[in-house]
Amino acid sequence: MDIATLHRLGDFSCGIFFMFQFMGTLLLYLKGRTHRLQRSVFWLMLCLLGISAFEFYVFFIDNFLGAQLRPVTNMLQLMAVPLCLMVIYTVTHDRPMPWRWVLANVLPYVAAIVTCLLTLSRVVYHGLMIFAAIHTVCILAYGFVEIRKYNRELRANLSSDSGYSVNWLRYVLFLFFGLAVVWTVATLSVSQAATITYNLLCVIIFAMLCYFVYRQESMLEALADQPDWDAAVPVSGPESDSVSGVSDDSGPDGSAQAAYLFADRFESVFSKGKIYLNATLTLNDLARELGTNRTYLSNYLNRELHTTFYEYVNQWRVRRAKELLRETDMLLEEVALQSGFNSMSSFRRYFSAHTGMSPLEYRKRKMDRA
């Protein structure tokens, strides 16, 4: 392929990339920014759109940077590294990144860009390139560790295998690594082919990020922050008082009474309220029903009942399924639905794990005994 054609394809890929950024940012804005992750991705896209708009202007309209065009634009593109770290942190934490961490990751890039503009120093430019390469590797390692930890936390807050996870972010991280390699090649070699590949990879990464953010909207809702309700009832003991954030001034008898009332209410929402029949029940849902918060409720399950939310809810579902299998001739699909399971595969898996036999085997054995 001749050089002129490559240049045209390069310009075309730049235009596609810029248009996609604009449309993606606009759609993120119109869709709404209910959750922190949605807001974080929107601001990431907006910042990168601003950088792309600046680059489009200096490359195609007015190069007022002169010989500093490529060093400055390359350094501006490196700002994507700390911005991506902030998105990874937002995905894997239910709180914003501390400002001192934000500044520690962003300031080296800002300082290098300003210094390079003022001094025209190639040493600063190459120093930032090396720093960004090391920073990228550290971010990737951090991302894989945090994804694994957060998936465990996510499972603990859901009562079923609902397809929610942040494993999709691993693919984004792999693409991000590939993007960093291609960007480095394109920068060092000034290769049009590498530039085209870089632009297309950017489009793919941002498309995946935007798609999965809204595909996982239910997950974001399930893990949304909750306030520490004033109505939270402390479980007996000084440890649980500190967990709930509620001080107890009524003495030992009052604390024991509060613990008894909470335990009774907790049992009631399952035995009488049958809250477990909600196939998408989350720890937040149960906490709202009880007038407490997610952290306190999780500690109550772990310390007092020696189980997890996931296991406790599905024990009730299996108990209900046993009743229906013994007392009715419902189809298994209907039994699963009426017991609170969200799918047949989940029903069979949970039931077999809790009883040591399949639902059909359980029904046949009970019928044989009758």
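The values are calculated or read from the model by the stated rules, or taken from the named source; none is laboratory data. Note that this is a predicted model, so its numbers are computed, not measured. Glycine also receives a Cβ, built like all others from the backbone with ideal geometry; neighbour counts cover every protein chain displayed. Please note that ligands, DNA and RNA were not included when accessible areas were found on the heavy atoms of the full protein model with its side chains. Shrake-Rupley method; radii C 1.70, N 1.55, O 1.52, S 1.80 Å.
Values for this structure:
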{"quantity": "Residue that is nearest to Val166 (Cα to Cα) [pool: residues in region 1-46 that are within 21 Å of the chain's Cα centre (by Cα) and not in a helix (DSSP H, G or I)]", "calculated": "His35"}
{"quantity": "Region 28-46, residues that are modelled with pLDDT of 80 or more and open to solvent by 40 Å² or more (accessible area, probe 1.4 Å)", "calculated": "Tyr29, Leu30, Arg39, Trp43, Leu46"}
{"quantity": "Met23 vs. criteria closer than 15 Å to Val203 by Cα and touching a Gly at 6+ places or on another chain (Cβ under 7 Å)", "calculated": "no"}
{"quantity": "Residue, surrounded by the fewest Cβ atoms within 10 Å (Cβ to Cβ), within region 308-348, restricted to residues that are within 17 Å of Asn157 (Cα to Cα) and among the polar types (S, T, N, Q)", "calculated": "Gln315"}
{"quantity": "Among (1) closer than 28 Å to Arg365 by Cα; (2) in a helix (DSSP H, G or I); (3) open to solvent by 10 Å² or more (accessible area, probe 1.4 Å); (4) in contact (Cβ under 8 Å) with a residue 40 or more places away in the chain, the one test that Ala353 misses", "calculated": "(4)"}
